[in-house]
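Data first, discussion second: the structure below is written as structure tokens.
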Amino acid sequence: MNRPIGENLFADPSLDLDPAEARRLQADGELDIVDIREQYEWDAGRAPATRHVEIERIASRAPELDRARPVAFMCRAGVRSGMVAHAYRAIGFDAYSVAGGFTAWHEQGLPTEPEGAVVADH
């Protein structure tokens, strides 16, 4: 089966949250956002009030997250976060993926930090 290059095979409408909706839920205190990108990606630009846990540590840090609260994972484009959201759902979390990742967040003009934040290449 041939698939378009760059297609996100982990995209799942039941797990994907539009960045603006994720931001609204976060601002209302109804959602935690965990950025799972590499340190250099996080340093280049990030969404405010997000927690940073690099993907290589996300499994071991699961006990630190509140199972009673919805959580959305964010990466650069939504592929890594889709995988993590699926895995967290499998262990009982109300987990989501920020659709399009930090790239979409940035493109939508949502708040970022630090000043001059950019989307780093992965």
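The values are calculated or read from the model by the stated rules, or taken from the named source; none is laboratory data. Owing to the predicted nature of the structure, the values given are computational and were not obtained by experimental measurement. Here the Cβ is made from the backbone with ideal geometry for all residues, glycine too, and neighbour counts use every protein chain on show.
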Can you tell me how many residues in the stretch 68-84 are without any contact (Cβ under 8 Å) to a residue 60 or more places away in the chain, under 21 Å from Asp16 (Cβ atoms) and surrounded by fewer than 19 Cβ atoms within 10 Å (Cβ to Cβ)? 2
Members of the stretch 22-45 found to be more than 20 Å from Met83 (Cα to Cα) and either surrounded by 14 or more Cβ atoms within 10 Å (Cβ to Cβ) or of a type in the set (Lys, Arg) (or both), listed by number: Arg23, Arg24, Leu25, Gln26, Ala44, Gly45
If you check Asp43, Asp66, which single one turns out to be in a loop (DSSP other than H, G, I, E, B) and either among the charged types (D, E, K, R) or at pLDDT 95 or above (or both)? Asp66
Residue in the stretch 99-121 that is surrounded by the fewest Cβ atoms within 10 Å (Cβ to Cβ), counting only those that are on the phi < 0 side of the Ramachandran plot and either of a type in the set (Asp, Glu) or without any contact (Cβ under 8 Å) to a residue 12 or more places away in the chain (or both): Glu115
It is to be established whether one or more residues within the stretch 63-80 are under 17 Å from Pro13 (Cα atoms), more than 12 Å from the chain's Cα centre (by Cα) and among the aliphatic types (A, V, I, L, M). no
Within the stretch 85-98, track down each residue that is assigned to a loop (DSSP other than H, G, I, E, B) and either touching a residue at least 60 places away in the same chain (Cβ under 8 Å) or crowded, with 16+ Cβ neighbours inside 10 Å (or both). Phe93
